[in-house]
Amino acid sequence: MKSSALLKLTFVFNIIAANFVVMPSANASIFDEKEIDQDKMIAIAAPYRHGYNLIVIEQVPGKDKCWEEQGITPVLVNPLLMNFDFTGHCLRATDSNGYSIRIGGEERGSDYLLKIVEQDNELVLVATQRDPNKAPITIGRTHGKSDTVTKIFLSPGWRFTKRSYQGQELSHFYFSEGLSPVANTTPQP
């Protein structure tokens, strides 16, 4: 009888102790990021219902042109990929399944939501935290407003990267700020 009570007590103690063990950060990710050619990338604000949808497009080198730009402020975008079967020519992401943010080399898609807001006669791409008491982060802006598709210019310090897993590039795009841990490391003599 005493053995059974001791076994139960040990079990309960182990459960309680397990709650105090330091677990890895929720932001830790099995994914890395890969630098990509910024000239082959564009983020656009596309009118949609009562607002704007964020779309990210990557031009595949040597293939049919995915978009063309005109104007200065704002830069209007003609999404040419809508006029042909863009498979193999253009990569496109239209929601959080296709893009998210990385800050300082950490994937933060579960902490932030990307959205386009109207502000001072322009459209601004912001990352809002799920905690409403925290201020949003400005990632880019259109430098003007239009009723058509408009280019989003990334803010200084922000760039496009791609998600990778064990060195293999995936189709998920990141809006990245700061150096990735790989880029941050310096070779040891």
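See the values below:
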quantity: Of the criteria (1) in contact with a Lys or Arg (Cβ under 8 Å, 6 or more places away or on another chain); (2) in a strand (DSSP E or B); (3) crowded, with 16+ Cβ neighbours inside 10 Å, which one F160 fails; calculated: (1)
quantity: Residue within region 24-38 that is at pLDDT 95 or above and more than 15 Å from the chain's Cα centre (by Cα) present; calculated: yes
quantity: Any chance S146 is small (G, A, S) and touching a Gly at 6+ places or on another chain (Cβ under 7 Å); calculated: no
quantity: Residue in region 79-97 that is modelled with the highest pLDDT, counting only those that are among the hydroxyl-bearing types (S, T, Y) and surrounded by 12 or more Cβ atoms within 10 Å (Cβ to Cβ); calculated: T94
quantity: Yes/no for T150 being surrounded by 16 or more Cβ atoms within 10 Å (Cβ to Cβ), in contact with a Lys or Arg (Cβ under 7 Å, 6 or more places away or on another chain) and within 17 Å of L54 (Cβ to Cβ); calculated: no
quantity: Among residues of region 119-152, those that are of a type outside the set (V, I, T) and without any contact (Cβ under 8 Å) to a residue 60 or more places away in the chain, counted; calculated: 14
quantity: Options D85, D95, D131; residue that is out of contact with any strand residue (DSSP E or B) (no Cβ under 6 Å at 6 or more places or on another chain) and under 16 Å from A45 (Cβ atoms); calculated: D95
quantity: Restricting region 125-147 to residues that are among the hydrophobic types (A, V, I, L, M, F, W, C) and buried (at least 18 other Cβ atoms within 10 Å of the Cβ), the residue that is nearest to T73 (Cα to Cα); calculated: L125
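Yes/no matrix, rows are residues, columns are (1) among the charged types (D, E, K, R); (2) modelled with pLDDT under 95:
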| residue | (1), (2) |
| --- | --- |
| A46 | no, no |
| E58 | yes, no |
| K63 | yes, no |
| E69 | yes, no |
| T73 | no, yes |
| V77 | no, no |
| Y99 | no, no |
| G104 | no, yes |
| S110 | no, yes |
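The values are calculated or read from the model by the stated rules, or taken from the named source; none is laboratory data. All values derive from a computational prediction rather than experimental measurement. Don't worry about glycine lacking a Cβ; one is built from the backbone with ideal geometry, like all the others, and counts go over all protein chains shown.
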